[in-house]
1. How about the range 1-36: which of its residues are open to solvent by 70 Å² or more (accessible area, probe 1.4 Å), among the hydrophobic types (A, V, I, L, M, F, W, C) and either under 18 Å from G49 (Cβ atoms) or in contact with a His (Cβ under 9 Å, 6 or more places away or on another chain) (or both)?
2. Being of a type outside the set (A, V, I, L, M) and in contact (Cβ under 8 Å) with a residue 12 or more places away in the chain is the filter; apply it to the range 54-66 and report the residue that is surrounded by the fewest Cβ atoms within 10 Å (Cβ to Cβ).
3. Looking at the range 33-53, can you tell me whether even one residue there is of a type in the set (D, E, K, R) and touching a residue at least 40 places away in the same chain (Cβ under 8 Å)?
Amino acid sequence: KGGLRDIQIRTLSGLPGISNMLADRLLSHFSTLEQVFIASEDELMEVDGIGKNKAKEIKAILTGEI
């Protein structure tokens, strides 16, 4: 497999705590990696399986603010 969707899922699932299933949910909700990356914590929490702590951790990883 090497289609675009597969590459996007592998990219997201490389983040700590993001399974392939959660990566798929994120992409289904936001449509693109870019939209996932620029989403706010509150927007990330709209995705089933992403709570406040996971949303905070994702934003910290993406922004470099730890």
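1. Of everything in the range 1-36, just one residue is open to solvent by 70 Å² or more (accessible area, probe 1.4 Å), among the hydrophobic types (A, V, I, L, M, F, W, C) and either under 18 Å from G49 (Cβ atoms) or in contact with a His (Cβ under 9 Å, 6 or more places away or on another chain) (or both), namely M21.
2. The initial filter retains those residues of the range 54-66 that are of a type outside the set (A, V, I, L, M), namely 54, 56-57, 59, 63-65.
Add one more test, that the residue is in contact (Cβ under 8 Å) with a residue 12 or more places away in the chain, and what stays is 54, 56-57, 59.
Details: K54: 19, K56: 13, E57: 18, K59: 15.
Only one residue tops the list, namely K56.
3. Going residue by residue through the range 33-53, those that are of a type in the set (D, E, K, R) are 34, 41-43, 46, 48, 52.
With touching a residue at least 40 places away in the same chain (Cβ under 8 Å) added as a condition, the list becomes none.
Checking the range 33-53: not a single residue is of a type in the set (D, E, K, R) and touching a residue at least 40 places away in the same chain (Cβ under 8 Å).
The values are calculated or read from the model by the stated rules, or taken from the named source; none is laboratory data. In this text the structure is predicted, and so the values were computed from the model without any measurement. Cβ: placed from backbone, ideal geometry, glycine included. Neighbour counts: every protein chain shown. Heads up: the accessible areas ignore ligands, DNA and RNA and are worked out on the full protein's heavy atoms, side chains in. Shrake-Rupley method; radii C 1.70, N 1.55, O 1.52, S 1.80 Å.
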